[in-house]
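Asks: Attaching a single structure in structure tokens format; questions to follow.
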Amino acid sequence: MTTKTLRDFPPGARLIVRGFQSTLAPDLRGHLSAWGLTPGTPITLLAQKPVTRISVEHAELALEDVIAAAVLVDTAKEPAPA
Amino acid sequence: MNASIALVGQPNVGKSVIFHRLTGRYVNVANYPGTTIEVSRGLSRAQPGVEVLDTPGVLTLPARSEDEQATARILLNEKLRALVQVGDAKNLRRTVQLALLLAEAGVPMVLALNMMDEAKARGMAFDPARLAVELGLAVVPTVATGNEGMTALARAIADARVPVFRLTYADPIEAAIDDLALLLPIAHLSPRVVALLYLAGDRATEEWLAAQGTDLFALAARRERLQDEFTEPLAEVLQRARITAAEAIVHRVVKDAGSVGHGFVQRLGQWSVHRTWGWPLLALVLYGVYAFVGQFGAKYLVDLLEKQLFEGVINPWFHALVTTWIPWHWLQDFLVGPYGLWTMGMTYALALILPIVTTFFIAFGILEDSGYFARLSVLSNRAFKTLGLNGRAVLPMVLGLGCVTMATLTTRILHTPRERLIVTFLLALAIPCSAQLGVVMGMLASYGTGAFLIWLGVVIGVLFTVGWLSGKLVKGKRIPLMTELPPMRLPVAGNVAKKTWSRLKWYLEEVIPLFLIGAALMFVLDRLGFLPWLIQAGEPLVTGWLGLPKEASAALLMGFLRRDFGATGLFALGSALSPEQGLVGLVTLTIFVPCIASTLMIIKEQGLKTAAIMTGLIIPLAFLIGGLLHRALLFVGFA
């Protein structure tokens, strides 16, 4: 099980959402999943400053550090060359 | 009552543009989530006598903020002939996720896949016909802004059928839905969807059930029993089931997911929130607005209209006309005297403020259409953090620069009552609306950049000091920033023109009567001897404390009616004021109570008591700051 969060990767990283820290309040967690941040979703990290920005599908989300630190992620595997 | 057509969908997908296409009625549209706060109604062009409802965007149900609850209430209370979900074609997953809930509502439904142009521009390819089969309903690709697909949409709405679709949830959930369905009152929606909403804890549904006299204890017991079967909250379990199903459907429908665009506008969007480049870009935008509104509008155009046209041509002609044809001196005075309907009311409204608000509305419309405002939440988050808020608060604040009344309503997009209270208070205290800002800019422009910076510094200082205090005093927890940023788009000239016109129409309809009433009121007070008395009585405060000439009392009194009316009163004093006095007067008026319309809005949204407390705090504070500034300016020798 991964323990890395959105805060641990540099801009440009392609990631997969794995889950949320249990410390994240349920209503905030509800917001994130409404935007499509659910386990298994591929995302791209756009920036870490002034706040963390990611793209999910063709939408862009801005998350303050405490929230970004509660999103558990993994690096996405590059598709195998054909 | 005739059944209506409701437009429902996620925020910022173009519902209001489609509403305009279907009804011909224009409602304000903008490139940020949360533009539509209340439900708008219009009559369908294609189906005579049928009402079309435009609703605030819902990301998902259950609703989380007050504007979203308005949409849930529409679904529960309106008898619908058709439900039109408007979805963003480039964000199919979330569009389908909401469709999976709505499709089970037992109401004829159509899915309008809007912004097809943006999906195509990003290289997305998918099969709408396949999606229609998967969801069992009509799917119509549209580009509402370009009027594409609208005929097909109108036809699909007329032919809409109840979707043949059912998403199977986990066994215990299905059992609970069947169980609840027996206890639920008859609704316009299927018992299944009412049960799903109730299980997810939707507040509007709970209120609706209570109003129907449902046995809430029996329902709650069943919901709790179901919750015991899961470790996660039910809302999330249901949501997850829909997302999983949506993903599977999207996977089957999409041929190419496309890529994030790298065009100039997209890059501009990235720069606008960049840790370094965001700031010079913001400075450039502010300078642009200042140059266009403060210099071109407030100086050049006002000079042209007020000095050349009104004072040079129209007013002397009208004055001669009135004095020749009207024998009664009091009536002459009423029309063209110092507080005359024409000389004060109309001249202020048309020659001083109209050019300023027109340029402001154009600049505002361009920025609004581009999506820049919502992106400001990233840069401003740290500043709002000190106020116990987050960057989302920037949107009502910036909109307040357009109209504080509308912005007070827009605070509904904020997620907690605490945030709403603080932002409403700060709007009332320190955010000048377009008309006032224009007059302020115009006056300050003639005093030089230094004066403008002092005004800006004092107002921002007050905003942050008072905001910081309110953040400490108002109970509740701060919510960290979490927001969606709309894509940056090139503003469309037609859109900006339409918006500017609809705002100008509002201005002409609302402000001119108020200016006329104001001028009439000032005339009557003057005649009754109250104004001279007040000017005398206010002398210690106005002259002694603020250091203004005693005539400025009249301007402050006018400020009660509308802050911009008061500021225009100062403007009209012209050279009777030194730059120092002008600056003190403008700062006092900027902080002063907001206009009557926005006070009424605060009462409506926050209650009479809160509104009274706010006003009671703001008025003394305005004079306190004005007086302190006067002393500070004298101390540093500002002339």
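Rule-based calculations on the coordinates, nothing more; no lab input. Everything numeric in this text was worked out from a predicted model, so none of it was measured. No Cβ is skipped: glycine too gets one built from the backbone with ideal geometry, and neighbour counts run over all protein chains shown.
Asks: So if we plug the beta-carbon distance of B:LEU521 and B:ARG382 into 1/(1 + (r/R0)^6) with R0 = 56 Å, what FRET efficiency do we get, rounded to 0.05?
Replies: 0.80
Asks: Just how many pairs of Lys in the stretch B:278-636 have C-alpha atoms closer than 17 Å, counting pairs that are eight or more places apart or on different chains?
Replies: For the stretch B:278-636, the number of qualifying lysine pairs is 4.
Asks: Using θ = phi - 60° and the Karplus curve 6.51 cos²θ - 1.76 cosθ + 1.60, what whole-Hz ³J(HN,Hα) does each residue of the stretch A:7-16 get, with Gly and Pro shown as x?
Replies: The phi angles translate into 6, 8, 10, x, x, x, 5, 9, 10, 10 Hz.
Asks: On to the next question. Which value, in debye to the nearest 20, describes the size of the charge dipole of the stretch A:1-53 about its Cα centre when Lys and Arg Cβ atoms bear +1, Asp and Glu Cβ atoms bear -1, and nothing else is charged?
Replies: 160
Asks: Can you list residues from other chains, or at least 5 along the same chain, whose modelled amide H is less than 5 Å from the amide H of B:GLY106?
Replies: For B:GLY106, whose amide H was placed from the backbone, the distant partners under 5 Å are B:SER190.
Asks: Same structure, new question: Helix B:234-253 versus the longest principal axis of chain B: what is the Cα-based angle in degrees, 0 to 90, to the nearest 10?
Replies: 80
Asks: Could you please rank B:TRP468, B:TRP208, placing first whichever residue has the fewest other Cβ atoms within 10 Å of its Cβ?
Replies: Fewest-to-most Cβ neighbours within 10 Å comes out as B:TRP468, B:TRP208.
Asks: Which value results for Rg/Rh of the stretch B:597-639 when Rg is the Cα radius of gyration and Rh the Kirkwood radius based on the inverse mean 1/r?
Replies: 1.28
Asks: Also, quick follow-up: When DSSP assigns beta bridges and you keep just the ones with both residues in the protein assembly as shown, what percent turn out antiparallel, to the nearest 5?
Replies: Within the protein assembly as shown, antiparallel bridges account for around 60 percent of the total.
Asks: By count of other Cβ within 10 Å, fewest leading, how are B:SER272, B:SER575 ordered?
Replies: B:SER575, B:SER272
Asks: Considering the dipole of the stretch B:181-248 built from charges on the beta carbon (Lys and Arg +1, Asp and Glu -1) around the Cα centre, which of B:PRO191, B:VAL237, B:GLN227 is farthest to its positive end?
Replies: Sorting the options by dipole projection puts first B:PRO191.
Asks: Helix-derived [θ] at 222 nm for chain B: sum -39500 (n - 2.57) over DSSP H runs of at least 4, divide by residue count, nearest 500?
Replies: Computed ellipticity for chain B at 222 nm equals -18500 deg cm²/dmol.
Asks: Can you grab the distance from the C-alpha centre of the stretch B:234-265 to the C-alpha centre of the stretch B:175-199, Å, no decimals?
Replies: If we compute the Cα centre of each part, the gap is 28 Å.
Asks: Continuing with the same structure: Give me the extension gain from B:THR244 to B:ARG478: residue separation times 0.36 nm, minus the current Cα-Cα distance, reported in nm with one decimal.
Replies: 81.0 nm
Asks: On to the next question. So what's the net charge close to B:SER598: Lys and Arg +1, Asp and Glu -1, counting the other residues with Cβ under 12 Å from its Cβ?
Replies: Net charge in that neighbourhood comes out at 0.
Asks: Report the local net charge at A:THR3: Lys and Arg +1, Asp and Glu -1, summed over other residues whose C-beta lies under 13 Å from its C-beta.
Replies: Result for the neighbourhood of A:THR3: +1.
Asks: Going by alpha carbons, how many degrees (0 to 90, nearest 10) lie between the helix axis of B:552-561 and the longest principal axis of chain B?
Replies: 20
Asks: Below 8 Å between Cα atoms, with a sequence gap of 6+, how large is the relative contact order for chain B in percent?
Replies: Reported as a whole number, the value is 12 percent.
Asks: What are the trypsin sites (Lys or Arg not before Pro) within the stretch B:426-518 that DSSP puts in a loop, where the Cβ has at most 11 other Cβ atoms within 10 Å?
Replies: Hits after loop and neighbour filter: B:LYS475, B:LYS477.
Asks: Summing +1 for each Lys or Arg and -1 for each Asp or Glu, what net charge is found among the other residues whose Cβ lies under 13 Å from the Cβ of B:TYR507?
Replies: +1
Asks: Can you say what percent of the DSSP beta bridges in the stretch B:1-261, counting only those with both residues inside, are antiparallel? Round to 5.
Replies: Among the beta bridges of the stretch B:1-261, antiparallel pairing accounts for roughly 25 percent.
Asks: Oh, and also: Sorted from fewest to most neighbouring beta carbons within 10 Å, what does the list B:TRP533, B:TRP271 look like?
Replies: By the 10 Å Cβ count, ascending, the order reads B:TRP533, B:TRP271.
Asks: Which of the listed residues, B:ALA46, B:ILE356, B:PRO338, is farthest toward the dipole's positive end in chain B, when Lys, Arg count +1 and Asp, Glu count -1 at the beta-carbon?
Replies: It is B:ILE356.
Asks: How far is the Cα center of the stretch A:25-82 from the Cα center of the stretch B:422-481, in Å?
Replies: Using only Cα atoms, the two centres lie 34 Å from each other.
Asks: Still on this structure: Can you give the angle from 0 to 90° between the axis of helix B:354-370 and the longest principal axis of chain B, with both taken from C-alpha atoms, to the nearest 10?
Replies: Tilt of helix B:354-370: around 30 degrees.
Asks: Describe numerically, in nm with one decimal, the distance between label points set 7 Å from Cα along Cα→Cβ at B:LYS550 and at B:ASP171.
Replies: Distance between the two pseudo-spin positions: 9.0 nm.
Asks: Taking the Cα centroid of the stretch B:551-613 and of the stretch B:292-340, what is the distance between the two, rounded to the nearest whole Å?
Replies: 23
Asks: Give the whole-number value, in cubic angstrom per residue, of the convex hull volume spanned by the C-alpha atoms of the protein assembly as shown.
Replies: Considering the Cα atoms of the protein assembly as shown, their hull volume per residue is 182 Å³.
Asks: Could you give the nm distance between label points at A:GLN21 and B:ALA283, where each point is 7 Å from its Cα heading toward the beta carbon?
Replies: Result for the modelled spin labels: 3.6 nm.
Asks: I need the phi-derived Karplus couplings for the stretch B:2-8: 6.51 cos²θ - 1.76 cosθ + 1.60, θ = phi - 60°, integer Hz, Gly and Pro marked x.
Replies: 6, 6, 10, 10, 10, 9, 10
Asks: Lys/Arg Cβ at +1, Asp/Glu Cβ at -1, dipole of the stretch B:278-636 taken about the Cα centre: which of B:CYS595, B:LEU282, B:GLY457 is farthest positive-ward?
Replies: So the residue we want is B:LEU282.
Asks: Provide the percentage of antiparallel DSSP beta bridges, counting only those with both residues in chain B; round to the nearest 5.
Replies: The antiparallel fraction comes to roughly 25 percent.
Asks: If you average 1/r across every pair of different Cα atoms in chain B and take the reciprocal, what Kirkwood value do you get, in Å?
Replies: Computed over chain B, the radius equals 27.1 Å.
Asks: Long-range amide H contacts for A:VAL73: which residues qualify at under 5 Å (H placed 1.01 Å from N, peptide plane, sequence gap of 5 or more or a different chain)?
Replies: Counting only residues 5 or more places away or on other chains, the set is A:LYS4, A:THR5, A:LEU6, A:ARG18.
Asks: DSSP loop (so not H, G, I, E, B), at most 12 other Cβ within 10 Å: list which trypsin sites (Lys or Arg not before Pro) in the stretch A:7-82 pass both filters.
Replies: A:LYS77
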